1. Which label marks the calculated value of Rg/Rh (Cα atoms, Kirkwood Rh), given the options [x] 0.93; [y] 1.06; [z] 0.97?
2. Going by Cα centres, region 33-100 and region 124-194 are how many Å apart?
3. Shape call for region 48-141 from the C-alpha gyration tensor, a ≥ b ≥ c root eigenvalues: rounded (a/c under 1.5), prolate (a/b greater than b/c) or oblate?
4. How many lysine pairs does region 70-194 hold where the Cα atoms are under 18 Å apart and the two sit 8 or more places apart or on different chains?
5. Taking the simple approach of a point 7 Å from Cα along Cα-to-Cβ for both A172 and Y5, what is their distance in nm?
6. For the residue pair Y46 and A147, what label-to-label distance in nm results when each label sits 7 Å from Cα along the Cα-to-beta-carbon direction?
7. Using r as the Cβ-Cβ distance of D161 and R116, and R0 as 41 Å, what FRET efficiency do you calculate, to the nearest 0.05?
8. For every helix of n ≥ 4 consecutive DSSP H residues, a contribution of -39,500 (n - 2.57) applies; sum these over the chain, divide by its total residues, and give [θ] at 222 nm rounded to the nearest 500 deg cm²/dmol.
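The values are calculated or read from the model by the stated rules, or taken from the named source; none is laboratory data. These figures come from a predicted structure and were not determined experimentally. Every residue, glycine among them, receives a Cβ derived from its backbone with ideal geometry; neighbour counts consider all protein chains shown. With ligands, DNA and RNA removed, areas are computed over all heavy atoms of the protein, side chains included. Shrake-Rupley method; radii C 1.70, N 1.55, O 1.52, S 1.80 Å.
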Amino acid sequence: IYIIYKISEYIVQLMKKKMLQFVDLKQETPVKRSTDKRKGDFNEIYNEFITDKAKDQSSRCSQCGVPFCQVHCPLSNNIPDWLKLTAEGRLKEAYEVSQSTNNMPEVCGRICPQDRLCEGNCVIEQSGHGTVTIGSIEKYITDTAFALGWRPDLSDVQWTDKRVAVIGAGPAGLACADILARGGVKPVVFDRHP
């Protein structure tokens with residue numbers, strides 16, 4: 001029995017090193033920029049996550065069996081999957097998973113009301129350990145993707161001879177164009193502003 005206990009203790013320690021860091025690491029969001037700086041430039045409210053912080057915070061995900069963060073996401077994003085990939089330093093794969101269910105993860109990381117949706121329903125938040133900072137990590141992933149020139153892979157798309165006009169280059173129009181392109185239809189986006 002003692003040997004079984006020691007083996008199980010060792011396995012728990014190994015798992016704890018990879019994920020389940022919410023026990024040892026506290027929730028941490030990026031630092032807010034000072035009001036004086038924000039008043040003059042209209043840039044982001046929060047400073048950027050650095051790689052180490054994004055890895056640390058994403059490793060706090062408990063990889064629970066029923067991910068309420070995903071259940072309460074209107075897009076059903078695979079949040080635990082891209083959190084795990086981020087914790088492992090596999091950012092390109094995390095970006096691919098993130099954008100596979102979300103036309104604009106760069107927008108959702110900034111303006112989605114995570115406090116009421118994914119972060120508000122995080123299992124470790126409910127247990128009193130503080131939520132995983134999902135929105136900040138999503139923003140970090142997509143900002144890194146843009147900086148490194150990563151784009152969605154459309155190499156498997158079977159293009160048809162169909163074309164569809166999309167009127168308006170706002171979020172809905174661009175999301176529609178993205179879905180059409182992923183389905184092999186060439187979107188032509190029209191907007192009154194060049």
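1. After the calculation, the listed value that fits is [y].
2. Region 33-100 and region 124-194 have Cα centres separated by 16 Å.
3. Details: a/c = 1.40, a/b = 1.13, b/c = 1.24.
The shape class here is rounded.
4. Working: K84/K92; K84/K139; K92/K139; K162/K186.
Value for region 70-194: 4.
5. 6.3 nm
6. Going from the Y46 label point to the A147 one covers 1.6 nm.
7. Working: r = 44 Å, r/R0 = 1.07.
Computed FRET efficiency for D161 and R116: 0.40.
8. Numbers: 10 runs with 93 residues, N = 194.
Result for the chain: -13500 deg cm²/dmol, rounded to the nearest 500.
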